[in-house]
Amino acid sequence: QVQLAESGGGLVQAGGSLRLSCAASGRTFSSYAMGWFRQAPGKEREFVAAISWSGGSTVYRDSVKGRFTMSRDNAKNTVYLQMNSLKPEDTAVYYCAAAQRIRATIALDDYNYWGQGTQVTVSS
């Protein structure tokens, strides 16, 4: 099993930046593709970004391309989401997830393990 713990959320003004971290423990971390999802109040959980097991490939939803960057450091068992030029519509609880596969995936159902989430609030 893999346990995930997000951190780094907070309150920022529109146009600001924030970096989320996800620390993993348990089963071999480097063998999993990783993803970030978010969920706003009253809305369904949606895909944000994903990265392959090696970190060589990344995928982003269109609305965050050019603003968000996902990375991973397998030696530290940690993945990151650097968020720049934040907008009020980015406000949500952000979840880290792990998929037992090599390639990055945007499909929520592909992910086997989930963190508890961290709140990101962007004021206008």
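The values are calculated or read from the model by the stated rules, or taken from the named source; none is laboratory data. Because the structure is a prediction, the values reported are computed rather than measured. Using ideal geometry, Cβ is built from the backbone for each residue, glycine included, and neighbour counts are taken over all protein chains shown. Heavy atoms of the whole protein, side chains included, go into the accessibility calculation; ligands, DNA and RNA do not. Shrake-Rupley method; radii C 1.70, N 1.55, O 1.52, S 1.80 Å.
Among the residues making up segment 82-92, those that are buried (at least 18 other Cβ atoms within 10 Å of the Cβ) and touching a residue at least 60 places away in the same chain (Cβ under 8 Å) are M83, L86. The set of residues in segment 5-32 being of a type in the set (A, V, I, L, M, F, W, C), buried (at least 18 other Cβ atoms within 10 Å of the Cβ) and at pLDDT 95 or above consists of L18, L20, C22. Figure legend. Inter-residue proximity from segment 54-78: first residues more than 14 Å from A33 (Cβ to Cβ) and touching a residue at least 24 places away in the same chain (Cβ under 8 Å), second residues assigned to a strand (DSSP E or B) and of a type in the set (D, E), beta-carbon distance below 9 Å, spacing 6+ or different chains. Indicated pairs: R61/E46. Of all residues in segment 51-74, those satisfying the criterion of being in contact with a helix residue (DSSP H, G or I) (Cβ under 9 Å, 6 or more places away or on another chain) and either modelled with pLDDT under 95 or assigned to a loop (DSSP other than H, G, I, E, B) (or both) are W53, S54, G55, R67, R72, N74. Being touching a Phe, Trp or Tyr at 6+ places or on another chain (Cβ under 9 Å) and of a type outside the set (S, T, Y) is true of A33.
Selection of segment 115-124 for residues being surrounded by 18 or more Cβ atoms within 10 Å (Cβ to Cβ) and part of a strand (DSSP E or B) yields T118, V120, V122. Does V79 satisfy being β-branched (V, I, T) and either open to solvent by 10 Å² or more (accessible area, probe 1.4 Å) or within 10 Å of the chain's Cα centre (by Cα) (or both)? The answer is yes for V79. R38 falls short of the stated requirement of being among the charged types (D, E, K, R) and more than 14 Å from Y111 (Cβ to Cβ). Checked against the criteria, S31 counts as out of contact with any strand residue (DSSP E or B) (no Cβ under 9 Å at 6 or more places or on another chain), of a type in the set (S, T, N, Q) and touching a residue at least 24 places away in the same chain (Cβ under 8 Å). Which of the residues spanning segment 96-110 are open to solvent by less than 60 Å² (accessible area, probe 1.4 Å) and out of contact with any Ser or Thr (no Cβ under 8 Å at 6 or more places or on another chain)? Residues satisfying the conditions are C96, A97, A98, T105, A107, D110.
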